[in-house]
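Read through the structure below, which is laid out as structure tokens, and then see the notes.
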């Protein structure tokens, strides 16, 4: 049977967890890493949608400022493409609500929930379905939880690690290593904390703040 040559490219990557057969559970994600800049989107709108030059960029700049202002009190902003709302982070481990003060809270990011209309719009352009991206050389990443912990400990010996270092030592793709390390920074009991040093994201062991 001829190999499918159209449709969205996807790749399969292992999760840290395993299935009933003892093998890593898989997850799928788009395999195309291309990013459209705001300039490219504006150029597309000018060429194919008849929109004035920079109109889309001005729209997003205006929305960014207005939405941030409206969300300052915790409100959710709803748009045709979806809704936006602030996410909060509790800085530390608490069991007593009375000990949680205003300074115990920080902004954890912005939550985006796509609208059903936006999803349906994308689905209209997926009439060719999906096709798997196959690598010439199969990777054999470390997936055993104990072995992953050992790799992480070795990477953290200098006091920190980077996505690239962990990717090389674990055998994971860069994107998978990034996903894994970021997941260890989340939750009520994070394993790591991340920070920026120039253009590089660094990961250090998470240490509770002493009161």
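Quick note: the coordinates plus some simple rules give every number you see, no bench work behind them. Remember, predicted model here, so these are calculated numbers, not experimental data. Every residue, glycine as well, gets a Cβ built from its backbone with ideal geometry; the counts of neighbours run over all protein chains shown.
Given a cut-off of under 8 Å on Cα pairs at least six residues apart, what relative contact order in percent is computed for the chain? Walk me through the intermediate numbers first.
Details: 245 pairs, mean separation 38.0, N = 211.
It rounds to 18 percent for the chain.
log₁₀ I(q)/I(0) of the chain at q = 0.09, 0.19 Å⁻¹, via Debye over equal Cα point scatterers, no solvent, to two decimals?
For the chain, the Cα-only Debye profile gives -0.56, -1.40.
Would you give the gap between the C-alpha center of the stretch 150-211 and the C-alpha center of the stretch 29-76, rounded to a whole Å?
After rounding, the separation between the Cα centres reads 31 Å.
Which ordering of 100, 77 is given by a fewest-first count of other beta-carbon atoms within 10 Å? Working shown, then result.
On the way: 100 14, 77 17.
Arranged by neighbour count, lowest to highest, 100, 77 become 100, 77.
Assign one of three labels to the stretch 15-134, namely rounded, prolate or oblate, based on the Cα gyration tensor with a ≥ b ≥ c the square roots of its eigenvalues; rounded applies when a/c is under 1.5, prolate when it is not and a/b is larger than b/c, and oblate otherwise. Working shown, then result.
Values: a/c = 2.64, a/b = 1.15, b/c = 2.29.
Since a/c reaches 1.5 but b/c is at least a/b, the shape of the stretch 15-134 is classed as oblate.
First obtain the Kirkwood hydrodynamic radius of the stretch 142-211 from its Cα pairs, then insert it into the Stokes-Einstein equation at 37 °C and 0.692 mPa s, and state the resulting D in µm² per second as a whole number.
Numbers: Rh = 12.4 Å.
Answer from the Stokes-Einstein relation: 265 µm²/s.
Using 0.36 nm per residue, how much length does the chain from residue 34 to residue 169 gain when fully extended, once their Cα-Cα distance is taken away? Walk me through the numbers before you get to the answer.
Working: separation 135, 0.36 × 135 = 48.60 nm, distance 2.60 nm.
Taking 0.36 nm per residue and subtracting the Cα distance, the gain is 46.0 nm.
Taking the beta-carbon count within 10 Å as an exposure proxy, list 202, 38 from fewest neighbours to most.
Working: 202 16, 38 12.
Ascending Cβ contact count within 10 Å gives the list 38, 202.
Rounded to the nearest 500, what is the chain's calculated 222 nm mean residue ellipticity when only DSSP H runs of at least 4 contribute -39500 (n - 2.57) each, over all residues? Please report the intermediate quantities before stating the final value.
Details: 6 runs with 65 residues, N = 211.
Calculated from helices alone, the mean residue ellipticity at 222 nm is -9500 deg cm²/dmol.
What translational diffusion coefficient, in µm²/s and rounded to a whole number, does the Stokes-Einstein relation yield for the stretch 50-94 at 25 °C and a viscosity of 0.890 mPa s, taking the hydrodynamic radius as the Kirkwood radius over Cα pairs?
Numbers: Rh = 12.7 Å.
Reported coefficient: 193 µm²/s.
Any idea what % of Cα-Cα pairs in the stretch 74-116 are farther than 14 Å?
Values: 505 of 903 pairs.
Tail of P(r) above 14 Å: 56 percent of Cα pairs.
If we count other beta carbons within 10 Å of each Cβ, what is the order of 143, 17, fewest first? Let's see the in-between values first.
On the way: 143 18, 17 9.
Ordered by Cβ neighbours within 10 Å, fewest first: 17, 143.
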